[in-house]
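Take a look at the structure set out below.
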Amino acid sequence: MNLVAKATILDAAETARVLRRMAGEIVEAQRGVEGLIIVGIRSRGVPMAEAICTEIERLEGKRPPMGTLDITLYRDDLSLIAPKPVVRESHLPEDIEGKVLVLCDDVLYTGRTARAALDALVDFGRPRAIRLAVLVDRGWRELPIHADFVGRKVPTRANEVIKVSFEAIDGETSVQILERQAEG
Amino acid sequence: MTEPAWTRKDLLGIGELSVAEIELILNTAESFAEVAERPVKKVPTLRGKTVVNLFFEPSTRTRVSFEIAAQRLSADVVNFTSAGSSQVKGETLADTAKNIASMAPDFVVVRHAHAGVPAMLARQLECGVVNAGDGAHEHPTQALLDATTIRLHKGRIAGLTVAMVGDIMHSRVVRSNILLLTRLGARVRVAGPRTMVPRGIETLGVEVHHELEPALAGADVVMMLRLQLERQSRTLLPSLSEYSRLFGLDAERMRLAKPDAIVLHPGPMNRGVEITSEVADGSQSVILEQVGQGVAVRMAALYLLAGTREARS
């Protein structure tokens, strides 16, 4: 299976602008930083959450606490272990009881990652509310899950892949659309 | 960064593992240690899976450790222990294996007094098999939990000097540890009375000592072994007090090792024989941490094997 780049949806500057807008929407909806925790889903939800925290700090003068969540152990499909076996630690900066959590993930697709993340968070306590922020919503949901804060809605075909890159992990920041092509 | 995938159905020994596979288990275990610190110490990963603990030799500690590990992953656990098992009634191992297979478990954790029993079961059973100690052969999860404990304190394995002291001959813990530690680049020394050190062990790449002091000198890690008083140990020694005088670890001897050296013991300890209470309960002892690491390592092993199992079906 080959992946061929079709188009760049967002470059680094545009990604930064989108995240800035989302940070504004988050503090507007929550009326500030009080009681807010930003949680990045590993891997690429983490640099996204960091960027959102930085933007919120710029807007409000106060940085919200940030956590990271690895949802590997909550997946509903064990066949995903073999190709990608590494489990990383989850860390929440403080007690989540009564707080508003904003889950950050790069791409919202089937909704299964978000479902797993909800299960994982419940094991850490009982937050007042959990919101979902995604950089790209590409459609194709398999579960009744929606995002509260969306960077870009990108209608996709089944053979397309959304590739989000962040400088901290990939060396550069961009959102690309790739196409899966059968070999030969 | 491409992580090595895990493709094994069974975990039978360190001897068969590559460096990448060992590191994958250690890294996975490190993440699983975090689960123990949560308010809800359970993840749903192995929901609906069954783990059979098949212990033909008594061992409360290892069995309980596997049991907790399986339960923290939401698997169901069934315990077979030797006292109540049908082997006492004359059943052959092959028949026992067939009976277990009919119950369709997902994993069997085996401890047996004879080397090779887990490997034999692994060939006969379609489910994953974990070796929890077979004769004097291997005890892979013990070596892995020792390694995570060492990494937790030293940040690495490569380049460390590790001294293992006691009955080197009959210890599966030693065998698995030598294989693991030398593979990851540690310098390993073994020390024990001549009756307890097998000839030719230096071919495994270890330094051999028949006195305790030179083995301890400058060591980063001191691993004391349990004298197996219920088994062969008594006949190999003139007296326990002599053994203790020559090979027992006390606070004074511990000063020969590096000031920040750590002390490990696989348990259960014979206090006052191989180790004094002062050392066992002292600030350099990480013996209780090993127990906690044991659960994390066994969770990691079951988790990785579950991935293989799912990929096959």
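The values are calculated or read from the model by the stated rules, or taken from the named source; none is laboratory data. Since the structure is predicted, the reported quantities are computational estimates derived from the model, not experimental observations. Note that each Cβ is placed from the backbone with ideal geometry, even for glycine, and that neighbours are counted across all protein chains shown.
Would region B:27-44 turn up any residue that is in contact with a Pro (Cβ under 9 Å, 6 or more places away or on another chain), in contact (Cβ under 8 Å) with a residue 12 or more places away in the chain, aliphatic (A, V, I, L, M) and buried (at least 19 other Cβ atoms within 10 Å of the Cβ)? Quick ask: steps written out before the conclusion?
Applying the first criterion (in contact with a Pro (Cβ under 9 Å, 6 or more places away or on another chain)) to region B:27-44 yields B:28.
In the following step, the residues that additionally are in contact (Cβ under 8 Å) with a residue 12 or more places away in the chain were identified as B:28.
Filter again for aliphatic (A, V, I, L, M), leaving none.
Taking every residue of region B:27-44 in turn, none turns out to be in contact with a Pro (Cβ under 9 Å, 6 or more places away or on another chain), in contact (Cβ under 8 Å) with a residue 12 or more places away in the chain, aliphatic (A, V, I, L, M) and buried (at least 19 other Cβ atoms within 10 Å of the Cβ).
Within region B:106-119, does at least one residue satisfy the condition of being of a type in the set (Phe, Trp, Tyr) and modelled with pLDDT under 95?
Of region B:106-119, the ones of a type in the set (Phe, Trp, Tyr) are B:107.
Remaining after also requiring modelled with pLDDT under 95: none.
No - not one qualifying residue is present in region B:106-119.
Looking at region B:167-191 only, could you name the residues that are touching a Ser or Thr at 6+ places or on another chain (Cβ under 9 Å) and under 23 Å from residue B:231 (Cβ atoms)? Steps first, please.
Filtering region B:167-191 down to residues touching a Ser or Thr at 6+ places or on another chain (Cβ under 9 Å) leaves B:167, B:169-170, B:176-177, B:183, B:186-189.
Scanning region B:167-191 gives B:167, B:169, B:170, B:176, B:177.
Taking the condition out of contact with any Ser or Thr (no Cβ under 8 Å at 6 or more places or on another chain) and closer than 19 Å to residue B:263 by Cα, does residue B:197 pass?
Working: out of contact with any Ser or Thr (no Cβ under 8 Å at 6 or more places or on another chain): yes; closer than 19 Å to residue B:263 by Cα: no.
No; evaluated as a whole, the condition is false for this residue.
Which numbered condition in (1) more than 25 Å from residue B:135 (Cβ to Cβ); (2) of a type in the set (Val, Ile, Thr); (3) in contact with a helix residue (DSSP H, G or I) (Cβ under 8 Å, 6 or more places away or on another chain) is the only one that residue B:161 fails?
Here residue B:161 meets the rest and fails (3).
Have a look at B:135, B:185, B:159 and point out the one that is surrounded by fewer than 19 Cβ atoms within 10 Å (Cβ to Cβ) and within 16 Å of the chain's Cα centre (by Cα).
Numbers: B:185 fails: within 16 Å of the chain's Cα centre (by Cα); B:159 fails: within 16 Å of the chain's Cα centre (by Cα).
Unique residue meeting the criteria: B:135.
Restricting the search to region B:121-165, which residues are within 13 Å of residue B:178 (Cβ to Cβ) and part of a loop (DSSP other than H, G, I, E, B)?
Once the filter is applied, which keeps residues that are within 13 Å of residue B:178 (Cβ to Cβ) and part of a loop (DSSP other than H, G, I, E, B), region B:121-165 yields B:136, B:137, B:139, B:157.
Out of all the residues in region A:22-30, is one or more surrounded by fewer than 23 Cβ atoms within 10 Å (Cβ to Cβ), at pLDDT below 95 and more than 14 Å from residue A:106 (Cβ to Cβ)?
Scanning region A:22-30 turns up at least one residue that is surrounded by fewer than 23 Cβ atoms within 10 Å (Cβ to Cβ), at pLDDT below 95 and more than 14 Å from residue A:106 (Cβ to Cβ).
Looking only at region A:81-111, count every residue that is surrounded by fewer than 18 Cβ atoms within 10 Å (Cβ to Cβ), out of contact with any Pro (no Cβ under 8 Å at 6 or more places or on another chain) and more than 8 Å from every other protein chain (Cβ to nearest Cβ) and tell me the total.
2
For region B:195-313, please list each of the strands (runs of 3 or more DSSP E) lying entirely inside it that holds at least 3 residues being crowded, with 19+ Cβ neighbours inside 10 Å. Can you show your working first?
Numbers: elements: B:207-209, B:221-224, B:262-264.
The qualifying strands (runs of 3 or more DSSP E) are B:221-224, B:262-264.
Only one residue in B:30, B:16 is within 14 Å of chain A (Cβ to nearest Cβ), of a type in the set (D, E, K, R) and farther than 13 Å from residue B:109 by Cβ. Which one?
The unique qualifying residue is B:30.
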